[in-house]
Structures are given as structure tokens and as C-alpha cells.
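Engineer: Below: one structure in C-alpha cells.
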Amino acid sequence: MKKLNELITKNVDMCVSIELCHTRIQENNKLLKDQDARINSCLERIDSLSQQNTHLQKENAELKRQINEQNQYSRKNSLEIFGVPEIKDENVIRTVQVIAQSLGVNLDKQRIDAAHRLKSNIRKPNEPRGIIIKFISRLDKDDFLKARKVKRDFNTSHLSHYFTQLNVHPAKAIYINESLTYENKQLLNKCREFKKNKNVKYLWSRNGQIFMRMSDNSQVFKISSIESLRDVH
């Protein structure tokens, strides 16, 4: 009888122990469910924040694009000239008129809104500073640029008749380009690399926009971003 009682007691203890295990398992299951719920809530929050971040990035990119377009539009009457030697006590407007005359363009100073030298290029400290010109009329800007394209060999020797004090030996090329924003200049530099690596025949800018064409008979592509280069073929 004593042994039976001991067995009964052990059995009861075992049942209690098993019941306790069940209780703890249930508690652990509840904890796991609560943790899963919190994790899912966090994941949903992360997903929501990720979507918001993507949306904000797109908005930011669009705002930057609009600002860049506005800044570029403000340069619609402007050109930049590089390679023109600097002289002492220079009158930049007079220098611009001389350049125009050398290109066969009659440019009165009243048609020039502003003209001045740019900052020195720290990567090319020995080269003359560029000149930026803002014309009163966009037509004058276009005529100036067209004249440079006609005179393909335009260089410093063409200015020696007007400025005898210029050192034009050896003669160096003079470049005249549209005035581009910093962002568009960076994009144009990327396009130049692409042109060199992919054997693209034509790359140019017009009215602040960049264009590219693989060959004489291929399609013209407008390059508005680095991603646009993927479409060039």
C-alpha cells in the first residue's frame, strides 16, 4: 500500500510537472506571437519609411531638375570663351568685341549685357581664365556661336592683328561654348567619356540641352541624365 501511495504521489507530481510545462509552452508561444507581431509591425514601419524615402528622393530629384532647368534658362543668352590670353588692364568687353570682329561678327557694346573673366581653373593654373558673356539678345549669342563653328581653326593668332601685345606663339585654339550649369557641365563631361569609349561620332549642346548621335545616319538622342546614355545606340 505504501508503494502504491508513492507511485500515486509520483504520478501526481509528474502530472503537475507536465501541466507546468504545458503552461510554460503556452506562455512561450504567446511571447513568440507577441514578438512576431512586434517584428511584423517593425517590418511594416520599415517598408513604409522606405517608400517614403523613395518618394522623397524622387521629389528631391525632381526639384533639383527643375532648379537646374531654371538656372540653365537664365544662361540662355550666355557664352563662355576659353583660350584667350589675358592682357594688362584688360577691358573684357573690348576683348569680346575683338573676338567677334575676328569671327566676322559686328558686335556693338550696347548688345552686350555683361562680360567678365571667370575664376582660375585650379587644375590648369597656367592657362588664361575663361570669359563669360551675356548678350542682350539670344540672336546675337546664336550668331556669335555660329560664326565660331564656321571658322573651325579659330585660334589666338587671329587676335594678333588687334592686340599686338598678345603672345600668340605658338597659336592655341580658342573655344566658344554655351554657358552650362555645373550639373550640365558634369553631365557633358560624362558624355565626352562615353563618346570616347563607345566611338560616338557626334556630341553637342544646343540651348542648354545635350545631344548625341552614334553616326551620320543614326538617331539623335537627347541626354538629360547619365541614365539616358543607356539608350544611345
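Engineer: Quick one: Ala115 ticks every box in (1) assigned to a loop (DSSP other than H, G, I, E, B); (2) surrounded by 14 or more Cβ atoms within 10 Å (Cβ to Cβ); (3) small (Gly, Ala, Ser) bar one, so which box is it?
Structural biologist: It is condition (1) that Ala115 fails.
Engineer: While we're on this one: Filter the stretch 207-227 down to the residues that are assigned to a strand (DSSP E or B) and under 17 Å from the mean Cα position of the chain (by Cα), then identify the one that is nearest to Leu139 (Cα to Cα). Working first, answer last.
Structural biologist: Step one: filter the stretch 207-227 for residues assigned to a strand (DSSP E or B), giving 209-213, 220-223.
Subset that is under 17 Å from the mean Cα position of the chain (by Cα): 209-212, 222-223.
On the way: Gln209: 17, Ile210: 20, Phe211: 21, Met212: 24, Lys222: 23, Ile223: 24 Å.
Selected residue: Gln209.
Engineer: Next question. Take the residues of the stretch 50-74 that are among the charged types (D, E, K, R) and within 30 Å of Phe135 (Cβ to Cβ): which is surrounded by the most Cβ atoms within 10 Å (Cβ to Cβ)? Break it down into steps so the answer makes sense when it comes.
Structural biologist: In the first step, residues of the stretch 50-74 are kept if they are among the charged types (D, E, K, R); the result is 58-59, 62, 64-65, 69.
Imposing the further condition that a residue be within 30 Å of Phe135 (Cβ to Cβ) reduces the set to 64-65, 69.
Numbers: Lys64: 11, Arg65: 13, Glu69: 16.
Among those residues, the one meeting the criterion is Glu69.
Engineer: Right, here's the next one. Taking the stretch 118-148 on its own, how many of its residues are closer than 14 Å to Ala100 by Cβ, of a type outside the set (Asp, Glu) and part of a helix (DSSP H, G or I)?
Structural biologist: Summing the residues that are closer than 14 Å to Ala100 by Cβ, of a type outside the set (Asp, Glu) and part of a helix (DSSP H, G or I) in the stretch 118-148 gives 7.
Engineer: Would you confirm, using the coordinates I've provided, whether Lys190 is basic (Lys, Arg), assigned to a strand (DSSP E or B) and farther than 25 Å from Pro128 by Cβ?
Structural biologist: When the stated conditions are applied, Lys190 does not pass them.
Engineer: Does Asn184 qualify as being surrounded by 12 or more Cβ atoms within 10 Å (Cβ to Cβ) and either assigned to a helix (DSSP H, G or I) or modelled with pLDDT of 95 or more (or both)? Working first, answer last.
Structural biologist: Details: surrounded by 12 or more Cβ atoms within 10 Å (Cβ to Cβ): yes; either assigned to a helix (DSSP H, G or I) or modelled with pLDDT of 95 or more (or both): yes.
So Asn184 passes the test.
Engineer: With in contact with a Leu (Cβ under 8 Å, 6 or more places away or on another chain) and either modelled with pLDDT under 85 or loosely packed, with under 10 Cβ neighbours inside 10 Å (or both) as the only criterion, which of Ile18, Ile8, Ile87, Ile99 stands out?
Structural biologist: On the way: Ile18 fails: in contact with a Leu (Cβ under 8 Å, 6 or more places away or on another chain); Ile8 fails: in contact with a Leu (Cβ under 8 Å, 6 or more places away or on another chain); Ile99 fails: either modelled with pLDDT under 85 or loosely packed, with under 10 Cβ neighbours inside 10 Å (or both).
Answer to the check: Ile87.
Engineer: Please go through the stretch 178-233 and pick out each residue that is under 24 Å from Asn77 (Cα atoms), among the aliphatic types (A, V, I, L, M) and touching a helix residue (DSSP H, G or I) at 6+ places or on another chain (Cβ under 9 Å).
Structural biologist: Leu180, Leu187, Leu203, Ile210, Met212, Ile223
Engineer: Name the one entry in Lys222, Lys146, Lys134, Lys198 that is basic (Lys, Arg), free of Cβ contacts under 8 Å to residues at least 60 places away in the same chain and surrounded by 14 or more Cβ atoms within 10 Å (Cβ to Cβ). Outline the logic, then answer.
Structural biologist: Values: Lys222 fails: surrounded by 14 or more Cβ atoms within 10 Å (Cβ to Cβ); Lys146 fails: surrounded by 14 or more Cβ atoms within 10 Å (Cβ to Cβ); Lys198 fails: surrounded by 14 or more Cβ atoms within 10 Å (Cβ to Cβ).
On inspection, the qualifying residue turns out to be Lys134.
The values are calculated or read from the model by the stated rules, or taken from the named source; none is laboratory data. Just so it is clear, the model here is predicted, and its values are computed rather than measured. Virtual Cβ from ideal backbone geometry, glycine too; neighbours counted across all protein chains shown.
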